[in-house]
1. Pick from B:60, B:43, B:55, B:37: which is modelled with pLDDT of 90 or more and more than 7 Å from chain A (Cβ to nearest Cβ)?
2. When segment B:1-31 is examined, which residues are found to be modelled with pLDDT of 70 or more and more than 7 Å from chain A (Cβ to nearest Cβ)?
3. Looking only at segment A:130-157, count how many residues are more than 11 Å from every other protein chain (Cβ to nearest Cβ), part of a helix (DSSP H, G or I) and either farther than 14 Å from residue A:78 by Cβ or within 12 Å of the chain's Cα centre (by Cα) (or both).
4. State which residue is nearest to residue B:48 (Cα to Cα) when the search covers only segment A:46-59 and only residues that are surrounded by fewer than 23 Cβ atoms within 10 Å (Cβ to Cβ) and more than 8 Å from every other protein chain (Cβ to nearest Cβ).
C-alpha cells in the first residue's frame, strides 16, 4: 500500500497493522513518529547522537509491544513520549550522577553575536536555560510549549495530575523568564516593552 | 493565566518567551537517513523474529514428520490404504491362527479334492467339514 494512503490512518491502527505483519505500517509510523521523538530527545539531552540512540530505542520498544498493544488505553505518541522521557532521564542521571532537582550553574558567555546567528543563539539560550531547569519542570515546559501537547496528555506521560502539570509549567516558565532575563539584549528582546 | 511574567520587571515577557518556544519548535532536529534506516531495520528484525516464532509455534502444533525411510516403505506398499489393508489381513491371519490352530494346520497340510460332477466340494483325502470351520472345542481349549 502506498504511504500516502496511510496518511489518514491513526497511529494506533498503524501499530496494530504492524503487529499483524504490515511492513508499510512500520514505514508510516517511522516517518511519523521518529522525527517527533528525536526532536523531543534532542531538546531534552542537548546531544544529537544520544538523542538519536534514544529515539531508536523508543521506536524499538514500540515495535516490540505492537502485538500486545491494548487498543484505546493510551495514544501511541503519549506512550512514546513517556518512553523517551524515561530513557532521557536515565541517561541524564547516569551522565550527571547528581540529584534530580539540582540546578546547574548557567553557562556564561554565549558565543557569536553575529546577526545571522541570532535565531540560533536564541534557541541555544533557551535550550541551555531549559537544561538548567529541574527535571520535571523541564519535561512539562518542553512537552507543553515546544511539543505542543495538552495538559491531560502531559499528565499521562509524566504520571502526575493535570494540576501538577499546570503548576510545573507555570514555575518552569517563570524560571526560564528569569534565567533568560540576563541575556535579553543578546536575544534581541531589549525593546519588547517589559 | 498563571504566569505574570509581563508584570515582573527584569524578566522576559510571556510574548518573548512564546516567541522563543516557537523558534525552538521550528528548529526541530530532522532525523538523518541513517537513523530512519536503523529504525526501519529494527522493525524488520522484530517482524522477522515474530514470524519465526509464529512458524515455530505452528510447526510444534503440527504432527511430526515421519522418517524418510518409513515414508518410502509406505509409498512402495501403495500408500496408507494399502498398508491398512495389509495390517488388517495380518491381524485377521493372526486371529485365525490363534483361534483355530488345528483347522489352519489341516488346511495347510491336507489335500483338497473337488467333486465337480456333484457340484459340491467334498473332502476325499483328508478334509472333513469340521476342518473348514473353527471348532468350538478348539476355541475353548485354546482359550
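1. Numbers: B:60 fails: modelled with pLDDT of 90 or more; B:43 fails: more than 7 Å from chain A (Cβ to nearest Cβ); B:55 fails: modelled with pLDDT of 90 or more.
Matching residue, one of B:60, B:43, B:55, B:37: B:37.
2. B:14, B:18, B:19, B:22, B:26
3. Final tally of qualifying residues: 11.
4. A:57
Residue-wise test of (1) exposed (fewer than 11 other Cβ atoms within 10 Å of the Cβ); (2) under 30 Å from residue A:147 (Cα atoms); (3) touching a strand residue (DSSP E or B) at 6+ places or on another chain (Cβ under 7 Å).
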site	(1), (2), (3)
B:35	no, yes, no
B:57	yes, no, no
B:62	yes, no, no
B:85	no, no, no
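The values are calculated or read from the model by the stated rules, or taken from the named source; none is laboratory data. Quantities reported herein were computed from a predicted structural model and do not represent experimental measurements. Neighbour counts run over all protein chains shown; Cβ positions are idealised from the backbone, glycine included.
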